[in-house]
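I have placed the structure first, in the form of structure tokens, so that the comments after it can refer back to it.
The values are calculated or read from the model by the stated rules, or taken from the named source; none is laboratory data. Just so we're clear, the structure is a prediction, and the values are computed from it rather than from any experiment. Heads up, the Cβs are rebuilt from the backbone with ideal geometry, glycines too, and the neighbour counts pull from every protein chain shown. Side chains are part of the model used for accessible areas, which takes the heavy atoms of the whole protein and leaves out ligands, DNA and RNA. Shrake-Rupley method; radii C 1.70, N 1.55, O 1.52, S 1.80 Å.
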Amino acid sequence: MSNDWTPEKPLVLETERFVLRPLRAEDATDTYIGWWNDAEIQEGMGAGPRNWGREHAERHIANFDNRQRFHLGIFPRGKDLPIGFFAIFLEPAGVARTNILTGDKEFWGARVPLEVRSRVLDFLFLTLRLEKVYGKIHGRNYPSIFNYKALGFTVEGVQRAHVAGPGGKRLDITLFGILRDEWLQRDKAGEH
């Protein structure tokens with residue numbers, strides 16, 4: 001557990017299979033950039049290919065201060081190339097919004113979001129003592145819906161046809177949230 005973390009230290013979290021650490025400019029590799037430009041990956045985020053280059057990717061990574069906004073690469077243990085990332089946005093009143101992207105398609109279906117999000121939730125609820133964590137799904141991203149529900153998140157609402165998706169198609173945004181007490185109860189029951 002990272003109970004000794006302070007904003008002056010880089011946040012590093014570990015799971016059984018992965019290490020999460022802040023992404024740096026040198027992590028804006030062809031692989032990372034490719035995730036932003038891949039139509040299939042971006043469809044899961046409710047977007048089209050971004051047509052990013054290295055400079056744009058480096059600017060994106062630089063937007064995260066690792067104090068209030070975290071952009072953590074998901075690295076398999078012992079590997080230098082990430083397979084995805086986890087973003088955390090701390091908000092006032094003890095709330096955080098999060099999202100995850102598994103960019104390496106070889107890891108799709110390998111329960112990466114469940115393992116990684118569980119560890120991040122432990123950090124947010126036990127170390128930072130937040131009250132609530134939420135996330136948004138654009139469109140009908142069934143793997144994300146499954147992963148949120150499997151960890152005990154509740155559907156808090158659906159904003160119908162709220163954003164324009166690829167090709168101009170209107171997409172719903174589904175809001176999922178979990179409270180600290182709900183997470184701790186699952187922990188007590190051994191459900192994560």
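Here the chain has 49 percent of its accessible surface on carbon and sulfur atoms, given a 1.4 Å probe and all protein chains in place.
Multiplying each eigenvalue of the alpha-carbon gyration tensor of the stretch 62-118 by 5 and taking the square root yields semi-axes of 23, 13, 9 Å, largest first, rounded to whole angstroms. Counting only the Cα atoms, the chain fills a convex hull of 121 Å³ per residue.
Over the stretch 48-172, average the accessible area per residue using a 1.4 Å probe and give it in Å², no decimals. Result: 52 Å² of accessible area for each residue. Straight-distance candidates among the lysines for linking to K79, with alpha-carbon spacing under 28 Å and chain neighbours fewer than 8 residues away dropped: K9, K105.
Sorting 36-48, 124-136, 158-170 by their mean Cβ neighbour count within 10 Å, with the most densely packed peptide first, gives 124-136, 36-48, 158-170. Average projection, convex hull of the Cα set of the stretch 111-192: 5.6 square nanometres.
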